[in-house]
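Right, one structure below, let's go through it.
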Amino acid sequence: MTATCAGVQGFAVKVDEDISESQGVRPDPLFVVDMQWGQQPVRLTARRTTILPSDAPITSVHIVAFMGDRVLVVRDRRGVYGFPGGRLEKGESLDEALIREVYEEARAHINPGYILFAALQIECTTRLPGRTYPHDFSYMGLYVGRLRSLEPIGGDPAGIIMARALFSPQECETHMAEHDRILLRESLVILSRQPNVDKRTIKAFG
């Protein structure tokens with residue numbers, strides 16, 4: 001996510017807790033963050049899940065994507081680093097949106113088999129004049145996976161992303177917001193349970 005953290009409440013669930021398909025969304029949040037998206041104040045609440053909620057629209061998708069002992073990040077025009085992804089276009093599936101957004105922002109191709117590990121509830125905490133709010137909140141789907149390849153970086157069609165990088169664990173600690181580091185740790189728990197996992201990833205970040 002490419003947003004500046006305004007305040008993080010302590011996350012209530014340990015990152016090594018088990019989760020099963022039958023459990024769906026965990027009630028206790030990984031974190032709750034209040035921040036600004038441009039002029040809009042928002043509250044982001046992240047919860048573990050293997051199934052996306054159905055009580056509000058899924059408006060965007062992002063991925064924590066690894067290549068060996070590095071993780072893919074993008075830098076926005078404010079200089080903030082986050083994980084690539086973005087909003088669904090009309091008629092797109094979640095998979096189509098994720099593949100398109102990751103390519104547009106980072107010129108990256110992700111391997112099939114990426115896994116949903118969390119849902120981020122997005123709530124606008126202030127209603128700004130002149131804006132419409134068709135829903136009380138929406139969701140972002142958060143996935144973990146691996147990169148297949150990178151192409152030479154190009155320009156983001158939306159004009160938001162200025163650069164990409166493959167971060168080491170140390171660079172993540174230095175340059176990424178606390179809530180994104182929580183998502184990174186959570187994604188590694190899920191990735192470590194998968195067959196044929198790249199041992200360099202787990203050794204580097206574990």
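Between the C-alpha center of segment 170-206 and that of segment 89-126 there is a gap of 18 Å.
Overall, the accessible surface of segment 37-155 at a probe of 1.4 angstrom is composed of carbon and sulfur to the extent of 49 percent. To the nearest whole percent, what portion of all C-alpha pairs in the chain is separated by more than 29 angstrom? Roughly 18 percent, once rounded to a whole number. The average projected area of segment 41-89, computed from the convex hull of its Cα atoms over all directions, is 5.5 nm². Over the C-alpha atoms of segment 107-166, the Rg to Rh ratio, Rh being the Kirkwood estimate, stands at 1.09. Taking all Cα pairs closer than 8 Å and separated by 6 or more residues, the relative contact order of segment 40-109 comes to 25 percent. Summary value for segment 116-161: 42 percent relative contact order, contacts being C-alpha pairs under 8 angstrom separated by 6+ residues. Taking the alpha carbon gyration tensor of segment 52-127, multiplying each eigenvalue by 5 and rooting it gives semi-axes of 21, 17, 13 Å, largest first. Across the chain, the mean sequence separation of Cα contacts (distance under 8 Å, 6 or more residues apart), normalised by length, yields a relative contact order of 25 percent.
Give the longest segment of the chain that steers clear of trypsin sites (Lys or Arg not before Pro) in DSSP loops with at most 12 neighbouring Cβ atoms within 10 Å, not counting the sites themselves. Segment 15-76 is the longest. Here the chain is treated with +1 on each Lys and Arg Cβ and -1 on each Asp and Glu Cβ, and its dipole about the Cα centre works out to around 320 debye.
On a per residue basis, the chain carries 50 Å² of accessible surface, using protein heavy atoms and a 1.4 Å probe. Quick one: in segment 109-206, what % of C-alpha pairs are over 16 Å apart? Counting every Cα pair in segment 109-206, those more than 16 Å apart make up 70 percent.
Which residue, Y133, Y114, Y103, tops the fluctuation ranking in a GNM of the chain built on C-alpha contacts under 10 Å? Greatest mean-square fluctuation among the candidates belongs to Y133. A Stokes-Einstein calculation at 37 °C with viscosity 0.692 mPa s, built on the Kirkwood radius of segment 153-206 over Cα pairs, returns a diffusion coefficient of 252 µm²/s.
The values are calculated or read from the model by the stated rules, or taken from the named source; none is laboratory data. Predicted model, so just to flag it, every value in this text is computed and none were measured. Positions of Cβ are backbone-derived with ideal geometry, glycine not excepted, and every protein chain shown enters the neighbour counts. For accessibility, only protein heavy atoms count, side chains too; no ligands or nucleic acids. Shrake-Rupley method; radii C 1.70, N 1.55, O 1.52, S 1.80 Å.
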